[in-house]
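Written below as structure tokens is the structure these notes are about.
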Amino acid sequence: MDQLSENDYVIVDDFINDEMFNSIMEFFHEMETADKLKKAGIGAQQDYQVKAEIRGDFIYWLDEGRDVALKPFFDLKDELIQSLKRFCYLSLSGSEFHIAKYPAGSYYHRHLDQFNERTNRQITVLIYLNKDWKPGNGGELVIYKEDKEILVEPIAKRLLLFKSDVIEHEVLTTQVPRYSLTGWLLHQPAGIGFLLS
Ligand code: OGA
Ligand code: NI
């Protein structure tokens, strides 16, 4: 929590245990087999466009009510939100998560996770799911911070959190299929704070 506050990002290895890793991957492969992963786009609502030249991943948006196989993950996510509220004084309400697959040869150009109609993304959450990832496989995440470039390897069970409104980042071309669970913790809409505990 201190690192996130001070550096705008934090990496936590082995954030999930083997059991949760296996259940997420099992769910992931079920969705893949059922052809539920769709080409991702950029922009919200009327601005939404599918632009392969900007990002090449395939995603499936999670639904807590429907995707009950992931309940242990959703519980962990709720715990994470509680910790961030308590220790980072963040005002969070709600979240949105998807699973993402980057086929070999794909990437996501440098960007910020906020765009015109979507200014309520406060924290980006990435859980990487690439067992046996090794240098040369590519698909590293580059964090651009001041004049530094920080390279994050997308290794299985690693958590990366960063502030969505300040950290520009990029996914380098992956040489092998690359798996992740990605989400955003959303800022509490102004004016309704008193209604929420
Ligand atoms: C994104 C994104 C990074 C990653 O989905 O906005 O930047 O490492 N993902 O998958
Ligand atoms: Ni992003």
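Does Leu80 count as among the hydrophobic types (A, V, I, L, M, F, W, C), more than 15 Å from ligand 1 (Cβ to nearest atom) and under 20 Å from Met20 (Cα atoms)?
It is true that Leu80 is among the hydrophobic types (A, V, I, L, M, F, W, C), more than 15 Å from ligand 1 (Cβ to nearest atom) and under 20 Å from Met20 (Cα atoms).
Those residues that are within 13 Å of ligand 2 (Cβ to nearest atom) and of a type outside the set (A, V, I, L, M), I need them from region 155-169; list them, please.
Across region 155-169, the qualifying residues are Phe162, Lys163, Ser164, Asp165, Glu168, His169.
Assess whether Ala69 counts as being assigned to a loop (DSSP other than H, G, I, E, B), surrounded by fewer than 19 Cβ atoms within 10 Å (Cβ to Cβ) and small (Gly, Ala, Ser).
It is false that Ala69 is assigned to a loop (DSSP other than H, G, I, E, B), surrounded by fewer than 19 Cβ atoms within 10 Å (Cβ to Cβ) and small (Gly, Ala, Ser).
For Val50, which of the numbered conditions (1) in contact with a Pro (Cβ under 9 Å, 6 or more places away or on another chain); (2) at pLDDT below 95; (3) not basic (Lys, Arg) fails to hold?
(1)
Which of the residues that make up region 96-115 are crowded, with 18+ Cβ neighbours inside 10 Å and modelled with pLDDT of 95 or more?
Within region 96-115, Phe97, His98, Ile99, Ala100, Lys101, Tyr102, Ser106, Tyr107, Tyr108 qualify.
Just checking, how many residues over region 88-107 are in a strand (DSSP E or B), touching a Leu at 6+ places or on another chain (Cβ under 9 Å) and not aliphatic (A, V, I, L, M)?
The total comes to 7.
Restricting the search to region 159-171, which residues are more than 10 Å from ligand 1 (Cβ to nearest atom) and either within 23 Å of Pro135 (Cβ to Cβ) or part of a loop (DSSP other than H, G, I, E, B) (or both)?
If the condition is that a residue be more than 10 Å from ligand 1 (Cβ to nearest atom) and either within 23 Å of Pro135 (Cβ to Cβ) or part of a loop (DSSP other than H, G, I, E, B) (or both), then Leu159, Asp165, Val166 are the ones that fit.
Could you give me the residue pairs with C-beta distances under 9 Å whose first residue belongs to region 129-142 and is among the small types (Gly, Ala, Ser), whose second residue is within 16 Å of ligand 2 (Cβ to nearest atom) and at pLDDT below 95 wherever it lies, and which are 6+ apart or on separate chains?
Pairs found: none.
Yes/no matrix, rows are residues, columns are (1) closer than 23 Å to Arg66 by Cα; (2) of a type in the set (D, E, K, R); (3) away from ligand 1 (no atom under 11 Å from the Cβ); (4) within 16 Å of the chain's Cα centre (by Cα):
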{"residue": "Pro103", "(1), (2), (3), (4)": "no, no, yes, no"}
{"residue": "Tyr108", "(1), (2), (3), (4)": "no, no, no, yes"}
{"residue": "His111", "(1), (2), (3), (4)": "no, no, no, yes"}
{"residue": "Gln122", "(1), (2), (3), (4)": "no, no, yes, yes"}
{"residue": "Asp132", "(1), (2), (3), (4)": "no, yes, yes, no"}
{"residue": "Asn137", "(1), (2), (3), (4)": "no, no, yes, no"}
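Considering Leu186, Leu172, which residue is at pLDDT below 95, hydrophobic (A, V, I, L, M, F, W, C) and within 16 Å of ligand 2 (Cβ to nearest atom)?
Testing whether each residue is at pLDDT below 95, hydrophobic (A, V, I, L, M, F, W, C) and within 16 Å of ligand 2 (Cβ to nearest atom) leaves just Leu186.
Can you list residue pairs whose Cβ atoms sit under 7 Å apart, with the first residue in region 22-46 being more than 14 Å from Tyr60 (Cβ to Cβ) and the second being surrounded by 12 or more Cβ atoms within 10 Å (Cβ to Cβ) and modelled with pLDDT of 95 or more? Count only pairs 6 or more apart in sequence or on different chains.
Ser23/Ala69; Ser23/Pro72
Using beta carbons and a limit of 8 Å, which pairs, at least six apart or on different chains, have the first residue in region 94-115 and under 19 Å from Val142 (Cβ atoms) and near ligand 2 (Cβ under 9 Å from one of its atoms) and the second one among the charged types (D, E, K, R) and not in a loop (DSSP other than H, G, I, E, B)?
So the pair list comes out as Tyr108/Arg55; Tyr108/Glu170; His111/Glu168; His111/Glu170; Leu112/Glu168; Asp113/Arg121.
How many of the residues in region 118-141 are surrounded by fewer than 21 Cβ atoms within 10 Å (Cβ to Cβ) and of a type in the set (Val, Ile, Thr)?
Matching residues across region 118-141 total 1.
What do you reckon, is Ser93 surrounded by 13 or more Cβ atoms within 10 Å (Cβ to Cβ), more than 18 Å from Glu26 (Cα to Cα) and more than 16 Å from ligand 1 (Cβ to nearest atom)?
Yes, satisfied.
The values are calculated or read from the model by the stated rules, or taken from the named source; none is laboratory data. Values in this document were obtained by computation on a predicted structure and should not be read as measured data. Note that we place each Cβ from the backbone using ideal geometry, even for glycine, and neighbour counts take in every protein chain shown.
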